[in-house]
Amino acid sequence: EGIPVGISACLMGEPVRYNGGHKRSRYCLEVLQACFRFEPFCPELAAGLGVPREPIRLVGVPGEAPRVVGARDPSLDVTEALAEVSEEFVARHRHLRGFILMKGSPSCGLARVKVYHANGMPSHADSGAFVHALRRHLPELPLEEEARMNDAVLRENFITRV
Ligand code: SF4
């Protein structure tokens, strides 16, 4: 049946990005799918943001949990909505053995996601909102970004941990 592994839904080719596009990963679909049974999830879609949608971004200062707001309209604050669906997902997916994430996303990015000051200037970097929920509730769950699977060492490290 394969090892159950969560994956950002856009990497499976699902057209769930803010602009209606996807980020289909050939490596995941043509190589990893031989041993993994993927369970796709898009936290932004689950939070009811719809497709297409206003792009969102992280806003805050170092040392504090960033808020997640509209990139064009900062009065659109989806912090609580995203946290809620992320926690629900985690509660229903304790059987997962790993999670493959889309880099750079304010929801799914594992690390190095840009956080902005309220005035729009870049501030620092953090993980995406969904990743915070994964780490909080499933601290042992192996996480990796699909983009880093190009690196044989990182790839083997992830595959042996799941
Ligand atoms: Fe959805 Fe995450 Fe992909 Fe963004 S990166 S489209 S939130 S699955």
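No lab work stands behind these numbers, since they all come straight from the coordinates. Worth saying up front: this structure is predicted, and the values here are computed from it rather than measured. Cβ placement follows ideal geometry from the backbone for every residue including glycine, while neighbour counts extend to all protein chains displayed.
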Exercise. Where does each of CYS42, CYS108 land when they are ranked from fewest to most other beta-carbon atoms within 10 angstrom?
Worked result: CYS42, CYS108
For this session: Take the Cα of GLU87, step 7 Å along the line toward its Cβ, and report every residue of the range 16-60 whose backbone nitrogen sits under 18 Å from that point.
Result: 43-44, 46-48
Problem set entry | Radius, Kirkwood style, for the range 1-93 when every pair of distinct Cα atoms is counted (Å) | 14.6 Å
Problem set entry | Exposure rule at most 15 other beta-carbon atoms within 10 Å, DSSP loop GluC sites (Glu not before Pro): the chain longest free segment | 65-139
Exercise. So between HIS137 and VAL153, what do we pick up on full extension, going 0.36 nm a residue minus the alpha carbon distance?
Worked result: 3.1 nm
For this session: Determine the percent antiparallel among the DSSP beta bridges restricted to the chain, to the nearest 5.
Result: 40 percent
For this session: Would you tally the net charge around MET149, using a Cβ to Cβ cut-off of less than 15 Å, leaving MET149 out, and scoring K and R as +1, D and E as -1?
Result: +1
Exercise. Going by the alpha-carbon gyration tensor, a ≥ b ≥ c the square roots of its eigenvalues, is the range 111-162 rounded (a/c under 1.5) or, if a/c is not under 1.5, prolate (a/b greater than b/c) versus oblate?
Worked result: oblate
Problem set entry | Extension reserve of the GLU1-CYS35 stretch, reckoned as 0.36 nm per residue once the Cα distance is removed | 11.4 nm
Exercise. In the chain, which longest range has no trypsin sites (Lys or Arg not before Pro) that are both DSSP loop (not H, G, I, E or B) and surrounded by at most 10 other Cβ atoms within 10 Å?
Worked result: 1-71
For this session: State the percent of C-alpha pairs, over all pairs in the range 40-162, separated by a distance greater than 22 angstrom.
Result: 35 percent
